[in-house]
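Working notes, structure below.
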Amino acid sequence: MQAQAHASVHHNRDGWWDLEQPEQVLGETRGWGGDQLADLDGDGRLELLHLRIPMSAIELIEFLVTRSLDLEFTIHRGRPGGLFAPEPWIERKLQVPIDFETLRPAGFLPSFAADLNLDGYRDLVTSGRGDSIDVYLGGPDHRFRRRLRQPADTRGRLRIADFDGDGWSDLLIYEPTRADVPIRIARNRGALPGPSRPSVEAGESADVAP
């Protein structure tokens, strides 16, 4: 219960990294954590996405009662010189429901992998309790606060790509441990709020709509 989570930035110095002397340390908190670099706002510079699951005796009791884990994430904007702003640009908390029979998440894991409404900003896609596609819009107007929900079977794993070649990112959900569960493709028909007004769809193995 004493796990520590933090992000260390180490610059490449002529092909090597001094792991004892980081250029910057961010997000020193208790719990399990992970980090990802992504250009979330489309300005050509990477942001640091710091993920943390708080873990203490109280969180463990809450997990057993609610059957879900708290997932906290902070986004730090990039600065010149390959460093990041020490204060978070955005801070949010999500719940990740857990299936106690499989001890896996009830749906696919949250993803920042795509700009679903083509406004130039990445969006956050989550899976509810394995029963919905939830889209939290990114960008300065929404900042991952606005949620749009489409009922769908979202148990399994997620892949995002433009599967039908229409320019919009679609969602593919599959269950790698069960051959009897069909692949589900949610076609993005451009109905979510944004420059061209988009939404998402979900169906069993063909069309899906949000």
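Summary of computed values
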quantity: Residue selected from the stretch 146-166 under the condition touching a residue at least 40 places away in the same chain (Cβ under 8 Å) and assigned to a loop (DSSP other than H, G, I, E, B), by the criterion surrounded by the fewest Cβ atoms within 10 Å (Cβ to Cβ); calculated: ARG146
quantity: Given (1) under 23 Å from PRO110 (Cβ atoms); (2) touching a residue at least 40 places away in the same chain (Cβ under 8 Å); (3) outside any strand (DSSP E or B), index of the condition LEU64 fails; calculated: (2)
quantity: Residue in the stretch 8-17 that is free of Cβ contacts under 8 Å to residues at least 60 places away in the same chain and in contact with a strand residue (DSSP E or B) (Cβ under 8 Å, 6 or more places away or on another chain) present; calculated: yes
quantity: Matching option when the condition is under 15 Å from the mean Cα position of the chain (by Cα) and among the basic types (Lys, Arg), among ARG178, ARG155, ARG147; calculated: ARG147
quantity: Meets criteria (charged (D, E, K, R) and surrounded by 15 or more Cβ atoms within 10 Å (Cβ to Cβ)) for ARG77; calculated: yes
quantity: Search result, residues across the stretch 1-45 that are open to solvent by 100 Å² or more (accessible area, probe 1.4 Å) and either among the acidic types (Asp, Glu) or in a loop (DSSP other than H, G, I, E, B) (or both); calculated: MET1, GLN2, ASP14, TRP17, LEU19, GLU20, GLN21, GLU28, ARG45
quantity: Residue within the stretch 120-132 that is assigned to a loop (DSSP other than H, G, I, E, B) and of a type in the set (A, V, I, L, M, F, W, C) present; calculated: no
quantity: Close pairs from the stretch 171-183: first closer than 22 Å to LEU116 by Cβ, partner exposed (fewer than 15 other Cβ atoms within 10 Å of the Cβ) and among the hydroxyl-bearing types (Ser, Thr, Tyr), Cβ under 9 Å, at least 6 apart; calculated: ILE183/SER205
quantity: Residue under evaluation GLY139, criteria (1) open to solvent by less than 20 Å² (accessible area, probe 1.4 Å); (2) free of Cβ contacts under 8 Å to residues at least 40 places away in the same chain; (3) under 30 Å from HIS11 (Cα atoms), criterion not met; calculated: (2)
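Each row is one residue, and each column tells you yes or no for (1) of a type in the set (A, V, I, L, M, F, W, C); (2) more than 30 Å from ASP141 (Cβ to Cβ); (3) touching a Pro at 6+ places or on another chain (Cβ under 9 Å).
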position	(1), (2), (3)
GLY15	no, yes, no
PRO22	no, yes, no
GLY27	no, no, yes
TRP32	yes, yes, yes
ASP39	no, no, no
PRO54	no, no, no
ALA57	yes, yes, no
LEU64	yes, yes, no
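The values are calculated or read from the model by the stated rules, or taken from the named source; none is laboratory data. Just so it is clear, the model here is predicted, and its values are computed rather than measured. For neighbour counting, all protein chains shown are included, and Cβ atoms are generated from backbone atoms with ideal geometry for every residue, glycine included. Quick note on the areas: whole protein, heavy atoms, side chains included, nothing else; ligands and nucleic acids left out. Shrake-Rupley method; radii C 1.70, N 1.55, O 1.52, S 1.80 Å.
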